[in-house]
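The values are calculated or read from the model by the stated rules, or taken from the named source; none is laboratory data. Computed from a predicted model, the values in this text were never measured in an experiment. In this analysis, Cβ positions are derived from the backbone assuming ideal geometry, glycine residues included, and neighbour counts consider all displayed protein chains.
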Amino acid sequence: MKRVIIIVLDSAGIGEMPDSMAYGDEGSDTLGHIAELSKGFALPNLGKLGLGKIDGVSSFLSSTFSDSIIPSGAYGKMAEKSAGKDTTTGHWEMAGIVLEKPFPVYPEGFPNALIREFEKQIKRGTLGNKPASGTVIIQELGDEHVKTGYPIVYTSADSVFQIAAHEEIISVEKLYKMCRIARDLLKDEHAVGRVIARPFNGNEGNYVRTAGRRDFSLIPPKKTLLDYISESKFQVKAVGKIEDIFANRGITQSVHTFTNIDGIIKTIDFINENFEGLIFTNLVDYDMLYGHRNNIDGFASALLEFDYKLPEILNSLKEQDILFITADHGCDPTTPSTDHSREYVPLVVYGKGLKKGINLGTRNTFADLGATIADYLKIEYSGEGVSFLKLI
């Protein structure tokens, strides 16, 4: 019974890519800088799998692991071949799609004509229409939103159209409907990667986001690894925002999560089931709660939390299971920027029957991951990437 588990530590990059300067990310190193600045930082269980031996990782990160340990897993890093540094691009590339052009971004806000058409279709005005921190803009415009009933529209350095609304003013279901309207409008030259619902609650001076976030992604332009797996009569079980990232394409079962720990528990629950195919998990707290807010200590604590739970994940694996731990981009909380960073991502691989201590080097694309999985499951696959299955 062959199964593959991918766990994405969202935004856990391990150092700038050669073209990072073109993205304004020169010097970024998410895990390396966290290791440097967080007192007592150590990831012993990831270290046992080989994280600290990846070529080119920060000396601060590698120094947290013993040089004498022969890793029980395979290890390497992956370069992003696609243009961009956002969540959708990273995940799609893992699944075999390499994008030549990045998704559009709007550093000056969205065009007036687009906003006017959106307002026409939702039958009310809007507030904002500018790049902003989501936690900041609801404090800035929350009172006006409550008074007028107008949703708050904003973006960031990422390709996103975000809509925030107080749950008592615009219900979550109505907010989702507005997001679907925006998703239909945002196509062709304005085809942003994601439309994101951002519900919140509270009152003047104390507005807080709630757990009803939902992402409405573009439909992938061609088949992904998930499609190939499900069409081969295997199961594809999605944990966290994977369902949103792939617009529910190729997924046979999905569960949303509230925290990283919730995502880990639900991943283990799926592992404990009997089926063949793929479990694809995204743990988003690193990015959403800590990276974008430049919260170094929070990011470090969340990584320690995952490392603490890792033995439980490993112990739940069956004989033919292969676990891949990686990331989709960086989001260095130590830099002035609060946006994603163009970084290499770690690649840590473990399976009870796999070779130990194999250095996979630097993969030219995230898509090598998808190609390897397709090779292991022996399914028809026409996505990008080169399999490294024979190495492990």
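Within the stretch 355-378, being crowded, with 17+ Cβ neighbours inside 10 Å and either of a type in the set (A, V, I, L, M) or more than 23 Å from the chain's Cα centre (by Cα) (or both) holds for Ile358, Leu360, Ala367, Leu369, Ala371, Ile373, Ala374, Tyr376, Leu377. Of all the numbered requirements in (1) outside the structural domain of Ser133 (by TED's automatic domain parsing); (2) touching a strand residue (DSSP E or B) at 6+ places or on another chain (Cβ under 8 Å), Arg198 misses one, and that requirement is (1). When each of Asp25, Asp29, Asp19 is tested for being in the same structural domain as Lys237 (by TED's automatic domain parsing), buried (at least 17 other Cβ atoms within 10 Å of the Cβ) and more than 20 Å from Ile325 (Cα to Cα), the lone residue that passes is Asp25. Note on the stretch 326-366: residues that are farther than 16 Å from Leu391 by Cα and of a type in the set (A, V, I, L, M, F, W, C) amount to 4. Among residues of the stretch 242-263 that are farther than 10 Å from Leu283 by Cα, those with a beta-carbon under 6 Å from a residue that is basic (Lys, Arg) and surrounded by 16 or more Cβ atoms within 10 Å (Cβ to Cβ) at least six positions away or on a different chain give the pairs Gln253/Lys237; Val255/Lys266. Surrounded by fewer than 22 Cβ atoms within 10 Å (Cβ to Cβ), more than 27 Å from Tyr290 (Cβ to Cβ), in contact (Cβ under 8 Å) with a residue 40 or more places away in the chain and of a type in the set (Val, Ile, Thr), is that true of Ile181? When the stated conditions are applied, Ile181 passes them. The residues in the stretch 187-207 that are touching a residue at least 60 places away in the same chain (Cβ under 8 Å) and aliphatic (A, V, I, L, M) can be counted, and the count is 2.
If Gly90 satisfies all but one of (1) in the same structural domain as Ile229 (by TED's automatic domain parsing); (2) without any contact (Cβ under 8 Å) to a residue 60 or more places away in the chain, what's the number of the condition it fails? For Gly90, the exception is condition (2). Being surrounded by 15 or more Cβ atoms within 10 Å (Cβ to Cβ) and without any contact (Cβ under 8 Å) to a residue 12 or more places away in the chain: is that true of Ser38 here? Taking the combined requirement at face value, the residue does not satisfy it. Considering every residue within the stretch 116-124, establish whether at least one is assigned by TED's automatic domain parsing to the domain that holds Gly205, touching a helix residue (DSSP H, G or I) at 6+ places or on another chain (Cβ under 8 Å), part of a strand (DSSP E or B) and surrounded by 14 or more Cβ atoms within 10 Å (Cβ to Cβ). No, the stretch 116-124 contains no residue that is assigned by TED's automatic domain parsing to the domain that holds Gly205, touching a helix residue (DSSP H, G or I) at 6+ places or on another chain (Cβ under 8 Å), part of a strand (DSSP E or B) and surrounded by 14 or more Cβ atoms within 10 Å (Cβ to Cβ).
Of the strands (runs of 3 or more DSSP E) contained entirely in the stretch 228-286, those carrying at least 3 residues that are under 14 Å from the mean Cα position of the chain (by Cα) fall at 277-283. Scanning the stretch 287-298 for residues that are in a helix (DSSP H, G or I) and charged (D, E, K, R) yields a count of 2.
With respect to (1) modelled with pLDDT of 95 or more; (2) crowded, with 20+ Cβ neighbours inside 10 Å; (3) on the phi < 0 side of the Ramachandran plot; (4) not hydroxyl-bearing (Ser, Thr, Tyr), the lone exception for Asn272 is condition (2).
Which helices (runs of 4 or more DSSP H) does the stretch 17-99 wholly contain that include 3 or more residues that are over 19 Å from the mean Cα position of the chain (by Cα)? Step through it out loud before you land on a result.
Values: elements: 30-37, 44-49, 59-62, 87-94.
Result: 30-37, 44-49, 59-62.
State yes or no: is Gly128 more than 25 Å from the chain's Cα centre (by Cα), assigned to a loop (DSSP other than H, G, I, E, B), at positive phi and of a type in the set (Gly, Ala, Ser)? The answer is no for Gly128.
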